[in-house]
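Read-outs throughout are calculated quantities, based only on the coordinates presented, and are distinct from any laboratory measurement. Just so it is clear, the structure is predicted and the values come from calculations on it, not from any experiment. Methodologically, a virtual Cβ is constructed for each residue, glycine included, from the backbone with ideal geometry; neighbour enumeration extends over all protein chains shown.
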Amino acid sequence: MKDENCIFCKIANGEIPSATLYEDEEFRVILDLGPATRGHALILPKNHFSDLYDIDEETAAKAMVLAKKMITKLKDVLGCDGYNIVQNNGAAAGQTVFHFHMHLIPRYEGDGAGIASWKQGELSEKDKEEILKKLKD
Ligand code: AMP
Ligand code: ZN
């Protein structure tokens with residue numbers, strides 16, 4: 001299940017070299033070439049899935065367990081103060097490479113990286129009722 005036109009398939013499977021932090025049968029973890037902060041890494045499955053809608057549940061679950069292991073190690077290596085796990089689905093959500101990946105973004109006090117700092121709105125009664133109702137239909 002590889003896509004020959006996909007750059008992350010090539011990186012994950014070692015056809016294109018990368019700064020690899022970890023590798024096993026199913027995943028490769030690499031340093032992002034355009035890091036948001038020092039140590040920004042990506043978890044790539046070796047099989048091709050375009051996004052979270054597409055990936056099978058077992059691989060998705062393994063990716064999250066791997067994220068836990070990686071950030072637990074990396075927080076000591078990097079000396080960071082926090083971590084964001086970011087996973088984009090669709091161009092509207094900022095996805096630019098359409099091979100499922102998870103961003104592991106170390107955070108440092110005052111780094112100004114601008115992640116998880118969206119402008120908070122307010123939940124309207126209309127939205128709340130509509131969403132809850134449609135989900136049950
Ligand atoms: P996204 O916007 O969620 O699709 O994330 C794509 C990420 O991949 C960005 O953070 C890019 O900096 C990173 N990226 C793109 N090409 C490469 C590459 N060849 N090696 C490492 N990271 C890459
Ligand atoms: Zn791919």
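Points worth noting:
- The H on the amide N of His48, modeled in the peptide plane, is under 5 Å from the matching H of Lys2, Asp3, each at least 5 residues off or on a different chain.
- Under the criterion of Cα pairs below 8 Å and six or more residues apart, the relative contact order for the chain equals 23 percent.
- Residues whose amide H lies under 5 Å from that of Asn84, counting only those 5 or more places away or on a different chain, are Ile105, Arg107; hydrogens are built 1.01 Å from N in the peptide plane.
- Dipole in debye (nearest 20) - segment 49-99, about Cα centre, beta carbon charges: Lys, Arg +1; Asp, Glu -1: 300
- Relative contact order computed over segment 68-137 (Cα-Cα under 8 Å; 6+ residues apart), in percent: 28
- Segment 79-126-segment 32-69 distance, computed between alpha-carbon centres (Å): 14
- Convex hull volume of segment 1-78 per residue (C-alpha atoms, cubic angstrom): 98
- Only lysines eight or more places from Lys68 in sequence, or on another chain, were considered; those with a Cα closer than 27 Å are Lys2, Lys10, Lys46.
- Each other residue within a Cβ distance under 15 Å of Asn13 adds +1 if Lys or Arg and -1 if Asp or Glu, for a net charge of -3.
- Our coupling estimate for segment 103-115, obtained by passing each phi through the Karplus curve with A = 6.51, B = -1.76, C = 1.60 and θ = phi - 60°, is 8, 10, 10, x, 10, 10, 2, x, 6, x, 5, x, 9 Hz, Gly and Pro reported as x.
- Ile115-Ala61 FRET efficiency (beta carbon distance; Förster radius 30 Å; 0.05 resolution): 0.80
- Computed across segment 92-135, the Kirkwood radius stands at 14.4 Å (inverse of mean 1/r, all Cα pairs).
- Cβ-placed point charges (K, R +1; D, E -1), dipole of segment 1-92 about Cα centre in debye, nearest 20: 420
- Building the convex hull from the alpha-carbon atoms of segment 1-46 and averaging its projection over directions returns 3.2 nm².
- Long-range HN-HN contacts of Tyr22 with modeled amide H, under 5 Å: Val29
- Here, P(r) means the percent of Cα pairs in each 5 Å bin from 0 to the largest distance; for the chain it is 2, 9, 17, 19, 18, 14, 9, 7, 4, 1, 0.
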